[in-house]
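The values are calculated or read from the model by the stated rules, or taken from the named source; none is laboratory data. Everything numeric here is computed off the predicted structure, so don't read it as measured data. Every residue, glycine as well, gets a Cβ built from its backbone with ideal geometry; the counts of neighbours run over all protein chains shown.
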Amino acid sequence: MPRIHFHQQLDELRARLLAMAALAQQNLECVLDAYRTSNLGLCEHVMDNEQAINRSEREVDELAYDLLAMEQPMAIDLRFILAVIKINGDLERIGDQCVNIADRVRLLHGESRVELPIDIERMGEISGNMIRGAIQSLMEADAFLAASILGMDDQVDDMNRDAYTSLMSLMMNDPEAAPHALNALIICRNLERIADHATNIAEDVIFWVRGADIRHGVTVVLD
């Protein structure tokens with residue numbers, strides 16, 4: 001009977017984490033729409049969701065720590081709880097990055113649009129796909145899917161580096177475009193960080209499912 005209760009608590013922990021992940025993913029979609037359409041209402045929605053994400057982070061951490069303290073889980077259950085604690089932190093930080101982007105969208109509101117030599121929408125799309133894939137790998141305990149997310153981070157990193165070079169050049173050569181270019185530069189940096197957090201989530205899923213720590217460039221063959 002105690003083990004049944006323990007697994008019910010694990011299911012509740014998973015459900016709470018997935019609900020938090022849905023909010024973080026929704027925030028990214030909203031803030032990208034807000035950037036594209038200059039819709040300040042979407043920015044406010046992001047701020048409201050951020051409060052819910054922060055509450056969820058505290059609740060998930062509390063439940064996870066209680067399980068560690070009271071149940072003393074072993075093996076894969078222990079790895080799952082440890083992974084949840086780390087994933088929880090990454091989801092909260094994704095929420096923070098979305099708020100940072102929303103702040104930049106609000107600063108740009110009312111400003112004339114400037115043609116920029118970058119593709120923020122594409123960068124946001126890849127980052128969003130990474131979050132969706134990482135969360136799906138968590139739902140399905142799929143280490144292969146999680147591993148497929150890791151290579152996508154390089155693409156976002158490359159886009160961020162190209163954006164930095166292009167936008168710095170634009171700011172130096174066209175002072176009137178500087179405010180918009182600077183805000184776009186900060187948005188790109190936040191998207192790059194979101195992709196990093198999605199990568200962290202994927203690595204934690206692999207740790208949970210396979211017991212393999214692949215951080216810092218360590219490679220593991222998944223068979």
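What number of residues within the stretch 20-50 satisfy the criterion of being touching a helix residue (DSSP H, G or I) at 6+ places or on another chain (Cβ under 8 Å) and hydroxyl-bearing (Ser, Thr, Tyr)?
Total meeting the criteria: 2.
Going by the structure shown, is residue 48 closer than 30 Å to residue 111 by Cα, of a type outside the set (Ser, Thr, Tyr) and surrounded by fewer than 19 Cβ atoms within 10 Å (Cβ to Cβ)?
Criteria met by residue 48.
Would you mention how many residues in the stretch 76-104 are over 30 Å from residue 182 (Cβ atoms), among the acidic types (Asp, Glu) and at pLDDT 95 or above?
Selection size over the stretch 76-104: 0.
Return yes or no: is residue 147 touching a residue at least 40 places away in the same chain (Cβ under 8 Å) and at positive phi?
Taking the combined requirement at face value, the residue does not satisfy it.
Could you look through the stretch 74-108, keep only residues that are farther than 29 Å from residue 39 by Cβ and small (Gly, Ala, Ser), and pick out the one that is surrounded by the fewest Cβ atoms within 10 Å (Cβ to Cβ)?
Here the answer is 75.
Considering each of 170, 150, 145 in turn, give the residue that is within 16 Å of residue 200 (Cα to Cα) and at pLDDT below 95. Before the answer, list the steps.
Details: 170 fails: within 16 Å of residue 200 (Cα to Cα); 145 fails: at pLDDT below 95.
Going through 170, 150, 145 in turn, just one is within 16 Å of residue 200 (Cα to Cα) and at pLDDT below 95: 150.
Taking the stretch 47-74 as the region of interest, how many residues are among the hydrophobic types (A, V, I, L, M, F, W, C) and more than 20 Å from residue 17 (Cβ to Cβ)?
Taking the stretch 47-74 first, the residues among the hydrophobic types (A, V, I, L, M, F, W, C) are 47, 52-53, 60, 63-64, 67-70, 74.
This time we only want the ones that are more than 20 Å from residue 17 (Cβ to Cβ), so: 47, 74.
Selection size over the stretch 47-74: 2.
In this structure, does residue 111 turn out to be touching a Pro at 6+ places or on another chain (Cβ under 8 Å), surrounded by fewer than 18 Cβ atoms within 10 Å (Cβ to Cβ) and touching a residue at least 60 places away in the same chain (Cβ under 8 Å)?
In short, yes.
Hey, among the residues in the stretch 158-190 that are among the hydroxyl-bearing types (Ser, Thr, Tyr) and touching a Pro at 6+ places or on another chain (Cβ under 9 Å), which one's surrounded by the fewest Cβ atoms within 10 Å (Cβ to Cβ)? Outline the logic, then answer.
Initially, the stretch 158-190 is screened for residues among the hydroxyl-bearing types (Ser, Thr, Tyr), giving 164-166, 169.
Subsequent filtering for residues that are touching a Pro at 6+ places or on another chain (Cβ under 9 Å) retains 166, 169.
Details: 166: 17, 169: 12.
My answer is 169.
May I ask you to list the residues in the stretch 33-74 that are free of Cβ contacts under 8 Å to residues at least 24 places away in the same chain and among the small types (Gly, Ala, Ser)?
Hits for the stretch 33-74 are 41, 69.
Could you say whether any residue in the stretch 12-28 is part of a helix (DSSP H, G or I), modelled with pLDDT of 95 or more and touching a Cys at 6+ places or on another chain (Cβ under 6 Å)?
yes
Could you please find all residues in the stretch 191-210 being farther than 30 Å from residue 74 by Cα and either surrounded by fewer than 24 Cβ atoms within 10 Å (Cβ to Cβ) or at pLDDT below 95 (or both)? Spell out the reasoning first.
Filtering the stretch 191-210 for residues farther than 30 Å from residue 74 by Cα gives 191-195.
Selection gives 192, 193.
Considering only the stretch 1-21, state which residues are of a type in the set (A, V, I, L, M) and free of Cβ contacts under 8 Å to residues at least 24 places away in the same chain.
Within the stretch 1-21, 1, 4, 15 meet the criteria.
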